[in-house]
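Take a look at the structure below.
The values are calculated or read from the model by the stated rules, or taken from the named source; none is laboratory data. Predicted model only: the values in this text are computed from it and were never measured. FYI the Cβ positions are ideal-geometry reconstructions off the backbone, even for glycines, and counts take in every protein chain you see. Note: areas computed on protein heavy atoms with side chains; ligands, DNA, RNA excluded. Shrake-Rupley method; radii C 1.70, N 1.55, O 1.52, S 1.80 Å.
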Amino acid sequence: MKAFFITILAVLMAGCQSSAPSHSESTAGPLTYSGGDGLSLEQAAVISGARDNMQGIKAEYAWLRGHYSGFKLTRQSIRGENGRLFDQLDIVTSDGRPLSIFFDITSFYGKGLGL
């Protein structure tokens, strides 16, 4: 089952790495970002307004491009903690620094996948 979720996530990531969320996409509301700087679970960036996994993942990459232009993704994984779900994206910044960035994905995880 875990392999299935990882495969689905990989397919979604492959389809969204090159495009930011478009304001012309139909959404339940505007995408907004809150929370912290994403450098820890406690300071996770929170994406609100994503209608499904695809839009939420696109929003993650848009946030990353806005904060770490030229980053390279090295790994992505999902974690659960205290009843919340987090997407951990391990990146290397354009100046070569490795970082782990955390997004709280509780509001959209599993939507649009029939989970």
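A few points about this structure:
- In summary, residue 107 fulfils each of the numbered conditions (1) in a strand (DSSP E or B); (2) open to solvent by 20 Å² or more (accessible area, probe 1.4 Å); (3) touching a residue at least 60 places away in the same chain (Cβ under 8 Å) with the single exception of condition (1).
- The set of residues in region 83-98 that are touching an Asp or Glu at 6+ places or on another chain (Cβ under 9 Å) and crowded, with 16+ Cβ neighbours inside 10 Å comprises 85, 86, 87, 89.
- Residues located in region 42-94, provided they are closer than 23 Å to residue 111 by Cβ, among the aliphatic types (A, V, I, L, M) and either part of a strand (DSSP E or B) or modelled with pLDDT under 95 (or both): 45, 46, 47, 50, 54, 57, 59, 62, 73, 78, 85, 89
- Filter result for residue 65 (surrounded by fewer than 19 Cβ atoms within 10 Å (Cβ to Cβ), of a type outside the set (Val, Ile, Thr) and free of Cβ contacts under 8 Å to residues at least 12 places away in the same chain): no
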